[in-house]
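Have a look at the structure below before the remarks.
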Amino acid sequence: MNVKKIFQFFIFGILPFVTSLQSTAQNAMVRGFVYEASSGEPIIYSNVYLQGTNFGGSTDINGHFNITKIPPGKYTLLVTFLGYDTIREVIQLQENTVFNRRFEMTEGSVNLSTIDISADRIEAQTETKTSVINLTPKTLKKIPSIGGQADLAQYLQVIPGVVFTGDQGGQLYIRGGSPIQNKVLLDGMIIYNPFHSIGLFSVLETDIIRNAEVFTGGFSADYGGRISSIMDITTRDGNKHRLAGKVAASTFGANLMLEGPLKKAKTDTDGSSSFILSMKNSYLEESSKLFYSYIDENGLPFNFLDIYGKVSINAPNGSKINFFGFNYNDRVNNYKALSDFGWNSFGGGSNFLIIPGKSPVLIEGNLAYSSYEARLKEINSPDRSSSIDGFNMGFHFTYFLGKDLVKYGIEILGFKTQFNFTNGVGRLIGQTENTTELAGYVRYKGTFGKLLFEPSFRVQWYASLSNISPEPRLAMKYVVNDFIRIKFATGIYSQNLISANSDRDVVNLFYGFLSGPDNLPSTFDGENVTHKLQKANHYILGTEIDLSNRLNMNIEGYLKDFKQLTNLNREKLYNESSAPAGTPDIYKKDFIIEKGKAYGADVSLKFEDKHLFIWAVYSLGFVTKQYEEKPGVLVSYRPHYDRRHNVNLVLSYTAGDLKQWEFSTRWNFGSGFPFTQVQGYYEYLPFDGGINTDYTTANGQLGTIYGDLNKGVLPTFHRLDMNAKRKFFFSENTVLEVDLSVTNIYNRDNVFYVDQITNQTVRQLPLMPSIGISLNF
């Protein structure tokens, strides 16, 4: 398949096709942006429509709307959003004209509790949205804020299909996918590790997030390079009208956020610029000696420092360009059997949005660089290190065709990976690799009566592996009536990156990155290996049911069929160059091929009114993998994150005339994780001197005899957290908030890990009260 011809098709084939669609539209167009009057930030998913007609839509992540193919005439344009005053404007549209407007909405001065149709309800009936959760700061703050700080990492744990391995060294596994199979984008920039070693916190300050879309499977061709999930996070541009901010401190850490205008827009035809800066850190290593010495008299050595900054330059018509940068680091000092662990990550980039003259198109682009380096020193194991750094860029074009749209784009990605690792039998595995990936995609969204039809297609070329992956995908939704919707999604997905951790690890703090190797075994399960990629097929079927105006239920069944996976070879005995003739690949290759399946069902219930929020989730999941023990003989095993049952219950209640009181609680239950048991120990002689080694006098190392892979099961996990907040209003913009939270309120002895050498059981966090205070201004 000719790669050059494929990308020429995307550049020169799709554009004329879309242009021809555009030329058929001889009517008027209404487009523009909707912002908050107080801050100038875009309002996402507000409803913009022409009263008494079927013409309308909702705003996107940038607050942009575009209504096309409108017959000429006089209309009343309405802009509505729950909690804000409705905007009404009478407009006169002429043939072949574009009506541009910029709206600023003010918070409602009247009681809007009687409004039943929310932006979420409109979106549910106009978007396929299969296996997608949208998160905003308002949503993130509804669950108990452990350590006095609401955080993205804490809310992700209650999303359907997400398995969380614990509050120390916690990782997120999404519908059977490991962390390496989940792509995280921050303003279009790849973030290689968004979570800290203490699993309660991410690298992101909640108040700088505008929106986070979490795709747990079945995502469209807009995204690629991962076979499990996507997390697409967009940050705010910063207050365009005044200097504002937040300063906060708790028994866990402190954070600071500043935002404001660099240049104010004096008129509607004037441009503006703004900034936002956030910093947060953990001083738990020191504060725990004072407040939590009963857990460990040496303190809890979890340290981090996160800095993020962004500057936005805005044109009067809504076009803009952003520049951003970050520096995140994490350290765990001399903790239990881990000794020392740490990682550093930094990067920066730019993205832009262009609104051309009279064309119904939206043009977006991004260019960014990011770097990540991790190091692990263990008492009873060799050191490990891993790093990845590289760039990603893309150009994206969206054409609006009435209620339908066509979006296409190209992406280019390049990165370098380095790592050193010693497997369970003492063999060193190392790699340094440079990789380039090119991709092109096209997506069409059409509305045909009650059917929403969204096919898409992606082509991903992996230069270092000389492999190309065509990836058709499809999402559909059928709106049965105003209360019931049926949805389906499927697709083919691929990726290059693999993880540099070991399946025998009891604690998975270390998560390094490897570029997919090109020296894989030539056969697997009796068949020739035809490519070097990891691949998966997704199948999702579900339904959305609005049980009432404020109560809705979502049910989804899923299957992720991992057709080919690459893993570190836990059985390697020889270096490939010096292995005896006839040695099977399983004993000499650095990497092996596996396959697997993840399947299950998620059920969620959500109730929300102006005071009460209830979120209940049950997930049933099964994950199995298979590797070739010897030619033609497959061995099945459960990966260490295979959790059969997972339950999350969240309740939040606000009280008071000004909603100054807020109470929230969360209970989580999870069945036990599998782990590999130890059968015994022996003296391991590495024979460093080769045949000249005197084994009678040489000092050996402690060797471990493992049992069958992941046949043991840890105890169940469950924990109850509670939180109470009180706001004190000093002025319209100055608010003091006091936060009291209790983690693990009934002091459940959840297992963190069992030290395989000393057999000591290390627990997750016990009962931990915390207090925090924050000032918004």
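The values are calculated or read from the model by the stated rules, or taken from the named source; none is laboratory data. Being a predicted model, the structure only gives us computed values, none of them experimental. Ideal geometry is used to build each Cβ from the backbone, glycine not excepted, and the neighbour counts take in all protein chains shown. The protein model used for the area step is the full one, side chains on, heavy atoms only, and it has no ligands, DNA or RNA in it. Shrake-Rupley method; radii C 1.70, N 1.55, O 1.52, S 1.80 Å.
If you take just the strands (runs of 3 or more DSSP E) that sit entirely in region 253-367, which of them hold at least 2 residues that are of a type in the set (Ser, Thr, Tyr), modelled with pLDDT of 90 or more and open to solvent by 10 Å² or more (accessible area, probe 1.4 Å)?
Once the strands (runs of 3 or more DSSP E) in region 253-367 are filtered for at least 2 residues that are of a type in the set (Ser, Thr, Tyr), modelled with pLDDT of 90 or more and open to solvent by 10 Å² or more (accessible area, probe 1.4 Å), what remains is 272-283.
Here Ser494, Ser499, Ser464, Ser469 are screened, and the one residue that is closer than 19 Å to Leu514 by Cβ, in contact with a strand residue (DSSP E or B) (Cβ under 9 Å, 6 or more places away or on another chain), of a type in the set (S, T, N, Q) and open to solvent by 30 Å² or more (accessible area, probe 1.4 Å) is Ser464.
Counting just the residues of region 702-733 that are outside any strand (DSSP E or B) and open to solvent by less than 40 Å² (accessible area, probe 1.4 Å), which one comes out nearest to Asn668 (Cα to Cα)? By that ranking, first place goes to Leu714. Within region 550-596, being open to solvent by less than 20 Å² (accessible area, probe 1.4 Å), at pLDDT 85 or above and of a type in the set (Val, Ile, Thr) holds for Thr566, Ile592, Ile593.
Scan region 231-245 and tell me whether some residue there is part of a loop (DSSP other than H, G, I, E, B), within 21 Å of Gly394 (Cβ to Cβ) and open to solvent by less than 10 Å² (accessible area, probe 1.4 Å).
Initial filter on region 231-245 (part of a loop (DSSP other than H, G, I, E, B)): 236-243.
In the following step, the residues that additionally are within 21 Å of Gly394 (Cβ to Cβ) were identified as 237.
In the following step, the residues that additionally are open to solvent by less than 10 Å² (accessible area, probe 1.4 Å) were identified as 237.
Yes - at least one qualifying residue is present in region 231-245.
Residue-by-condition table, conditions (1) in contact (Cβ under 8 Å) with a residue 60 or more places away in the chain; (2) of a type outside the set (Gly, Ala, Ser):
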| residue | (1), (2) |
| --- | --- |
| Asn519 | yes, yes |
| Ser522 | yes, no |
| Lys535 | yes, yes |
| Asn554 | yes, yes |
| Asn575 | yes, yes |
| Gly582 | no, no |
| Lys588 | no, yes |
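Being within 29 Å of the chain's Cα centre (by Cα), of a type outside the set (S, T, N, Q), closer than 30 Å to Ala248 by Cβ and not in a loop (DSSP other than H, G, I, E, B) is true of Leu740.
Restrict the check to region 667-675 and report whether at least one residue is surrounded by fewer than 13 Cβ atoms within 10 Å (Cβ to Cβ) and out of contact with any Phe, Trp or Tyr (no Cβ under 6 Å at 6 or more places or on another chain). Scanning region 667-675 turns up no residue that is surrounded by fewer than 13 Cβ atoms within 10 Å (Cβ to Cβ) and out of contact with any Phe, Trp or Tyr (no Cβ under 6 Å at 6 or more places or on another chain). Counting only strands (runs of 3 or more DSSP E) that sit completely within region 22-72, those holding 1 or more residues that are among the basic types (Lys, Arg) correspond to 28-36, 64-70.
Just one of the listed residues (Lys477, Lys487, Lys535) is modelled with pLDDT of 95 or more, open to solvent by 20 Å² or more (accessible area, probe 1.4 Å) and charged (D, E, K, R), and it is Lys535. Among the residues of region 597-621, the ones that are open to solvent by 50 Å² or more (accessible area, probe 1.4 Å) and free of Cβ contacts under 8 Å to residues at least 40 places away in the same chain come to 3 in all. Hey, could you check region 746-760 for residues that are in a strand (DSSP E or B) and at pLDDT below 80 and say which is nearest to the chain's Cα centre (by Cα)? Within region 746-760, the match that is nearest to the chain's Cα centre (by Cα) is Phe752. Against the test of being open to solvent by 60 Å² or more (accessible area, probe 1.4 Å) and of a type in the set (Phe, Trp, Tyr), the options Tyr637, Tyr641, Tyr653, Tyr627 yield a single qualifying residue, Tyr653. For Tyr399, the stated conditions do not hold, so it cannot be described as part of a strand (DSSP E or B), out of contact with any helix residue (DSSP H, G or I) (no Cβ under 8 Å at 6 or more places or on another chain) and surrounded by 19 or more Cβ atoms within 10 Å (Cβ to Cβ).
Listed by position, the strands (runs of 3 or more DSSP E) enclosed by region 135-206 include none that has at least 3 residues that are open to solvent by less than 10 Å² (accessible area, probe 1.4 Å). The set of residues in region 272-289 being among the hydrophobic types (A, V, I, L, M, F, W, C) and under 20 Å from Gly245 (Cβ atoms) consists of Phe275, Ile276, Leu277, Met279.
Name the residue, out of Ile190, Ile180, Ile198, Ile133, that is of a type in the set (A, V, I, L, M), at pLDDT below 90 and touching a strand residue (DSSP E or B) at 6+ places or on another chain (Cβ under 8 Å).
Sole residue among the options that is of a type in the set (A, V, I, L, M), at pLDDT below 90 and touching a strand residue (DSSP E or B) at 6+ places or on another chain (Cβ under 8 Å): Ile198.
For first residues located in region 626-642 and among the small types (Gly, Ala, Ser), partners that are at pLDDT below 90 and lie 6+ apart or on another chain with Cβ distances below 7 Å form the pairs Gly632/Gly526.
Checked against the criterion of being open to solvent by less than 20 Å² (accessible area, probe 1.4 Å) and free of Cβ contacts under 8 Å to residues at least 60 places away in the same chain, region 678-701 contains one or more residues that satisfy it.
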